[in-house]
1. Kindly indicate whether Glu273 is under 21 Å from Ile80 (Cα atoms), modelled with pLDDT of 95 or more and open to solvent by 40 Å² or more (accessible area, probe 1.4 Å).
2. Determine, yes or no, whether Asp37 is of a type in the set (D, E, K, R), within 16 Å of ligand 3 (Cβ to nearest atom) and in contact with a helix residue (DSSP H, G or I) (Cβ under 8 Å, 6 or more places away or on another chain).
3. Being surrounded by fewer than 14 Cβ atoms within 10 Å (Cβ to Cβ), more than 17 Å from the chain's Cα centre (by Cα) and closer than 30 Å to Arg278 by Cβ narrows it down to one of Ser224, Ser181, so name that one.
4. Would you tally the residues in the stretch 151-175 being touching a residue at least 40 places away in the same chain (Cβ under 8 Å) and open to solvent by less than 20 Å² (accessible area, probe 1.4 Å)?
5. Would you list the strands (runs of 3 or more DSSP E) that sit entirely within the stretch 1-97 and hold 1 or more residues that are away from ligand 4 (no atom under 16 Å from the Cβ) and among the hydrophobic types (A, V, I, L, M, F, W, C)?
6. Just checking, does the stretch 106-123 include any residue being within 25 Å of Tyr220 (Cβ to Cβ) and in a helix (DSSP H, G or I)?
7. Those residues that are open to solvent by less than 20 Å² (accessible area, probe 1.4 Å) and assigned to a loop (DSSP other than H, G, I, E, B), I need them from the stretch 194-221; list them, please.
Amino acid sequence: MAVDLHAHSAASDGSDTPAELVGLAAQAGLSAIALTDHDTLEGIPEARKEAGRVGIELISGVELACRWDRGGLHIVSLFIEPEAGPLQDRLAEFRAGREVRNRKICRLLKEIGIEIDYPEVLDQAQGDSVGRPHFGALLVAKGYVPDISAAFRDYLGPDGVAYAVRPLLPLEEVVGLVRNSGGVPVLAHPHTLGLNTADEYADFFGKAASYGLVGVECYYSGYSTETRRQLEESIRSFGLLPSGGSDYHGSYKPDLQVGVGKGDLMVPDRILEDLRARRS
Ligand code: AMP
Ligand code: ZN
Ligand code: FE
Ligand code: FE
């Protein structure tokens, strides 16, 4: 059996409700799905209820952005339950940082003649964690760009004219918060770190392992067998475990499917069991 340990719902920047996402996971024949929305656990109760109904396991998670020496990165935090805890207590603050950043994006767009009012963005978002993909969808709907990736290229990404940042905690602090909240921190989509050589990856993995990182997404949509093998070999020498997921976002990332990513992803159950054994 297979699992998917990275997926988004309409509680953040996915287009499916939490229950719909769980339904897709069941249809795909998965034994477990992790709901890992950005900076929110809002979708967990609905997802868990549906998982009970359709007979698959729901792993409660959240994806967090943080900073390291060379920029930003994402940590998928598995087994974070929606209850009080050091990390859970910070999520509202992270979402407040999003709101300040999002209002700045509105101002920057307005300066170049693009009218997107914040209430429109909130309406597009539906859930309590509002992000750039929601702006992307509005830019597509209003005819400024053909698709969301063009919206990131021209407006929302680091080279875009309406790029704005929000305050991020350092990697070591985020990893500490996750561990102290009973969660298992996993480095998401390692290709986005901008590392080039095996030595650069090894330096990063060694440092992150010393902070308490537990896993690395070796199985990710679009990664070849060879990439997966190389990543897994490298991380295991630092005592890190492989994780994997599709990073499904529904219509916000239309080329990805639950469980199978771009068609060839398969994350074996054993990966979940090894990560579960590292819960503190
Ligand atoms: P935010 O969390 O608001 O900073 O937005 C970042 C999110 O936008 C990421 O987590 C991805 O889900 C999505 N994203 C980033 N770059 C792109 C891109 N080039 N095309 C589509 N979605 C993207
Ligand atoms: Zn996202
Ligand atoms: Fe991410
Ligand atoms: Fe993600």
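1. yes
2. Against the criterion (of a type in the set (D, E, K, R), within 16 Å of ligand 3 (Cβ to nearest atom) and in contact with a helix residue (DSSP H, G or I) (Cβ under 8 Å, 6 or more places away or on another chain)), Asp37 does not qualify.
3. So the residue among Ser224, Ser181 that is surrounded by fewer than 14 Cβ atoms within 10 Å (Cβ to Cβ), more than 17 Å from the chain's Cα centre (by Cα) and closer than 30 Å to Arg278 by Cβ is Ser224.
4. The qualifying residues number 6.
5. Output list reads 2-4, 30-38, 57-68.
6. No, the conditions are met nowhere in the stretch 106-123.
7. Passing the criteria: Leu195, Gly212, Leu213, Val214, Ser221.
The values are calculated or read from the model by the stated rules, or taken from the named source; none is laboratory data. A quick note: this is a predicted structure, and the numbers were derived from the prediction, not measured. Positions of Cβ are backbone-derived with ideal geometry, glycine not excepted, and every protein chain shown enters the neighbour counts. Keep in mind that these areas ignore ligands, DNA and RNA; they rest on the heavy atoms of the full protein, side chains included. Shrake-Rupley method; radii C 1.70, N 1.55, O 1.52, S 1.80 Å.
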